[in-house]
Every structure is written in structure tokens, then in C-alpha cells.
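Here the structure is laid out as C-alpha cells; the discussion comes afterwards.
The values are calculated or read from the model by the stated rules, or taken from the named source; none is laboratory data. All values reported here derive from a predicted model rather than from experimental measurement. Because the Cβ atoms are built from the backbone with ideal geometry, glycine has one as well, and the counts that use them run over all protein chains shown.
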Amino acid sequence: MTELRSLPEQLESGYAAADCRPENGLLLAVSGGADSVALLHATVAIRAQHCEQIVVAHVNHGLRSDSSDDDAEFVRGLANEFGLAFKLLTVPRGSLEQVSDGSLEEAARQRRYDFLAETATKCGLASVVTAHHMDDQAETVLHNILRGTGLRGLRGMQRSRPLADGVQLVRPMLELRRCDIVEYLSAAELAHCTDHSNQDTDFTRNRIRQQLLPTLTSDFNASVDRNLVSLAQQAEQTIQAMDSLADRILSEVVLERQPDVCRLDRTKLAAWPRDVVRHVMSVLWIRQDWPRQKMTFRHYSRLAELACLDDDIREDFPGNVHAWCSDDMVRLTRHNVVGR
């Protein structure tokens, strides 16, 4: 294994690095696959010292016929084995396809996180824990690069991020490679489910996992996964520094801030380099909780350009946000469109 420590010991370090306090309660997202089974067993192994309450949650997306139901029953059995509460969401077959908007993966992911956030809140648990590991992180960073990303996408998955009011999403296994997890399961003779849809190369992530990363590893650099993860860590450090600067600038330039309206001092904002102003705008979007899915590097760059010019300019941006830059003020207004 990586380092001379047991997987439970490494997991304990992962919880600490994510600033997660297990004593405040954990909701473990368990699919039944190797990674989440290892997460469950290893977390239970350290529970006596660190945790008051653990709840197991599973989402049956209904995408694999009877095998999806079998996985749900397997996870229910694991929860019963450890005397843990079990929460199940069964998604009606065909419903995800109806709301997928072209991406079934994204629709399933969003439904899963909505359920986990709702369940954690109802159970009074502070953390939702997933079994994402180093290999997943490398895939995520590479996927984001292929799609075209800025620094936020380059940093991949965070160890911890807010999921709902009072609930954080925690990934304590990001320092573990999948081979470590498989070795742990084998040594402990732990059974797990196999999701054959992970072999379906119709999904982009599966092609990256099954084809692209193995090719890069065998033909270019055997440490490509670690290098991608290292790149993500450097991006995270840079983002933290830039976010801190952006927060300071916003505290100086914000004239008015409401859920759908924000007015900024254009003169003070324009005193900063455009690259910095671009980042300030991206942070503002996050603070305002405005839609970011269609906001690209080009859009934030355009906002920075408008803010730094002297002209009176009006322009629309994704998410129904209208920008009006005039004289010494930048006014951003988000219009809610009924029926969309």
C-alpha cells in the first residue's frame, strides 16, 4: 500500500485534512462498489473513537434493471450488519432520462447529491461522505481539461465543500489510489458489487478511465495520475490565494448587494488588473449563487473588460444576468424568468 499505514489510518488522516469532525455525525454515500464498501468498513473501524452517529445512504437510479435493485439490497445488508440506519432513494425508471437534458450522468449526479443533502439535513448530520479517491481525481482533472476549464476546474474535486446549510460534502479518500482500496478489500475478504455500466464507453468518464488514462500511463508517463493530482493541489492553493484577494476587493467595491442585484464601484474596480477583475467577477457569481454552468472564461473576461472601460455599456450574460456599466458604477441584475 501507499505509505506504511493501514487504510483506516489513512482514512482518519483524510477526515482530518478535510476538517471533518466525525463526532458531528456522518452520512456515508454507499453504492455497493469496491470504493464505498471500503469507505464504510474503514469508517466503522475508527468509529468507536471518533463518531457518535453514522447513517448509510444509497441511491437506486433504476438504470440497470434488476442489478440496481440487487445493489440496493446489498448495501441495506451491510448497514444492518453494522447496526447502522439505512436511507434509500429509489428513482422511478425513466425519470432521469426525462430531465437529463442530454447528460444522463449529470442528471443522476444531481439527483444523488440532492438526496444526500436532504437526508443529512433531516438526520441532523454535519457531513456527507463519498468514496472518491486519487484515480477519480485524476480522471476529473483530465476530463475538465478536455472540456476546457479555468483554474477552478483544474483543481478537480475539493476535500470538502458546502453541500447545504450546515452540511458539508467530504472526500477523505482523495489520497488513496484504487489499488490500495482493492488490496484492503482483498486482505479483509470483503465482498462488493460490480457496476458493469462503468465499462460502457458511451459515457465520457468511462472512456477516460478505460482508454485515455491507461494509454497516457503506458505510453507517456507512469505517474500521470499523481502528476494530475499534484496539478490539482497547486491549482487549489492558487485559487485560495486569489479568492482571498477577491474577497478583499469586493469588500471595497460593493455598493449594494441583494440576491438579484449587485452594484459595484467601477472606478475602484478598474484600478485593478483585468485578470484580477475577472477573478473577482467569478467569485461574485459564487457569492451571489447565480448560475455558473454556462458562464465561461470568455464571459468573465468580457465582464472585466466592460468594468474597466469608460463607455456606457449594457450587455446580457448567461443565467439571465444583465450588466450595465455607466459612469462610475457597474450594475448587475439577475432576472428570474417564470416558466423556465
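So that you can scan it fast, the table gives a plain yes or no per residue for (1) farther than 24 Å from L163 by Cα; (2) touching a Lys or Arg at 6+ places or on another chain (Cβ under 7 Å); (3) of a type in the set (S, T, N, Q):
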residue	(1), (2), (3)
R257	no, no, no
Q288	no, no, yes
K294	no, no, no
H299	yes, no, no
D312	yes, no, no
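If you check A222, A241, which single one turns out to be exposed (fewer than 12 other Cβ atoms within 10 Å of the Cβ), assigned to a loop (DSSP other than H, G, I, E, B) and hydrophobic (A, V, I, L, M, F, W, C)? I'd like the intermediate steps shown before the answer.
On the way: A241 fails: assigned to a loop (DSSP other than H, G, I, E, B).
Answer to the selection: A222.
Taking L216 as meeting all but one of (1) hydrophobic (A, V, I, L, M, F, W, C); (2) assigned by TED's automatic domain parsing to the domain that holds L28; (3) closer than 30 Å to D265 by Cβ, write down the number of the exception.
Looking at each condition in turn, L216 falls short on (3).
Restricting attention to region 166-191, which residues are in contact with a helix residue (DSSP H, G or I) (Cβ under 9 Å, 6 or more places away or on another chain), in a helix (DSSP H, G or I) and not hydrophobic (A, V, I, L, M, F, W, C)?
Selection gives R178, D180, E183, Y184.
Could you please let me know if L250 is over 30 Å from V141 (Cα atoms), among the hydrophobic types (A, V, I, L, M, F, W, C) and not in a strand (DSSP E or B)?
On the way: over 30 Å from V141 (Cα atoms): no; among the hydrophobic types (A, V, I, L, M, F, W, C): yes; not in a strand (DSSP E or B): yes.
Criteria not met by L250.
Filter region 17-47 down to residues that are of a type in the set (D, E, K, R) and either within 24 Å of S68 (Cα to Cα) or more than 17 Å from the chain's Cα centre (by Cα) (or both) and give me whichever is surrounded by the fewest Cβ atoms within 10 Å (Cβ to Cβ).
As a first pass, look at region 17-47 and keep what is of a type in the set (D, E, K, R): 19, 21, 23, 35, 47.
Within this subset, residues satisfying the condition of being either within 24 Å of S68 (Cα to Cα) or more than 17 Å from the chain's Cα centre (by Cα) (or both) are 21, 23, 35, 47.
Details: R21: 15, E23: 13, D35: 22, R47: 18.
Here the residue is E23.
Check D310 against each of (1) touching a residue at least 60 places away in the same chain (Cβ under 8 Å); (2) more than 18 Å from D275 (Cβ to Cβ) and name the one condition it does not meet.
(1)
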